[in-house]
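Presented below is the structure to which this report refers.
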Amino acid sequence: MSVRELLRANDLRFLAVASTLCPEEWTAPSLCDAWSNHDVLAHLVIGYRTRLGVVAAEMARHRGSFDDANTDLARTLAATRCPTDLLDDFARLVDRPRGMGRYFPRSLLLGDHVTHELDIVFALDREPDIPGEALTAVLNAQVSLPNPFVPAYRNSRGMRLTATDANWTHGAGGPQISGRAADLVSVLGDRPSALARLSGDGVSVLSSRVLSRRTRTAG
């Protein structure tokens, strides 16, 4: 299956999962710092419909901070669109993305969508049902190339990673880490909550990388 096909299939599956959340679950905090699950959903819609110029203008308003601009855009949209309306928006945009959604590489969009779904389901203590093919595609893309939005390339450098539930490994040597593919995606994306579910002599190294970057960001 091509990355474009994986993205579409994953988006449709996400819609089915997201439609089962109750109002209290949408207002609950996600694993994405300072964002509710509702805010995360709004962010996914923004990625498919907002023009690059709008994002650039918001960044200028926040003195060049992409993170601050991203947060404000998500919260503003979430304040005006309930989760049901946002899911309808997302469903319409899956096959007809607008704005920057038309130009972003599909591998980056797949990684963004998978990571943020994990932000929601892990925060709700649910088990993800993301197919292994999608998870390994995300891992392959994120550990192979530096990405200004996801630090997986830096976090994985010099280590041997193995998914215990998928046919995926990375790295020729160094400290070893093994765990479920979904947990690896989440932790490599700087979400520390799944660190306890990983094993190997490299977990302490990965933990220091994730937590040190989060401390610097928070400061």
Output the helices (runs of 4 or more DSSP H) that fall wholly within the range 9-93 and possess 1 or more residues being in the same structural domain as Asp112 (by TED's automatic domain parsing) and under 13 Å from Val121 (Cα atoms), or say none.
23-27, 37-49
Here, helices (runs of 4 or more DSSP H) confined to the range 106-219 with at least 2 residues that are touching a residue at least 12 places away in the same chain (Cβ under 8 Å) and touching a strand residue (DSSP E or B) at 6+ places or on another chain (Cβ under 8 Å) are 132-144, 181-188, 203-218
What is the number of the single condition among (1) more than 17 Å from the chain's Cα centre (by Cα); (2) surrounded by 14 or more Cβ atoms within 10 Å (Cβ to Cβ); (3) β-branched (Val, Ile, Thr) that Val3 does not meet?
(1)
Spot the failing condition for Arg96; the list is (1) within 25 Å of Ala78 (Cβ to Cβ); (2) free of Cβ contacts under 8 Å to residues at least 60 places away in the same chain; (3) surrounded by 19 or more Cβ atoms within 10 Å (Cβ to Cβ), and only one is missed.
(3)
Within the bounds of the range 24-42, is there any residue that is surrounded by fewer than 20 Cβ atoms within 10 Å (Cβ to Cβ) and more than 19 Å from the chain's Cα centre (by Cα)?
yes
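The values are calculated or read from the model by the stated rules, or taken from the named source; none is laboratory data. Just so it is clear, the structure is predicted and the values come from calculations on it, not from any experiment. In this analysis, Cβ positions are derived from the backbone assuming ideal geometry, glycine residues included, and neighbour counts consider all displayed protein chains.
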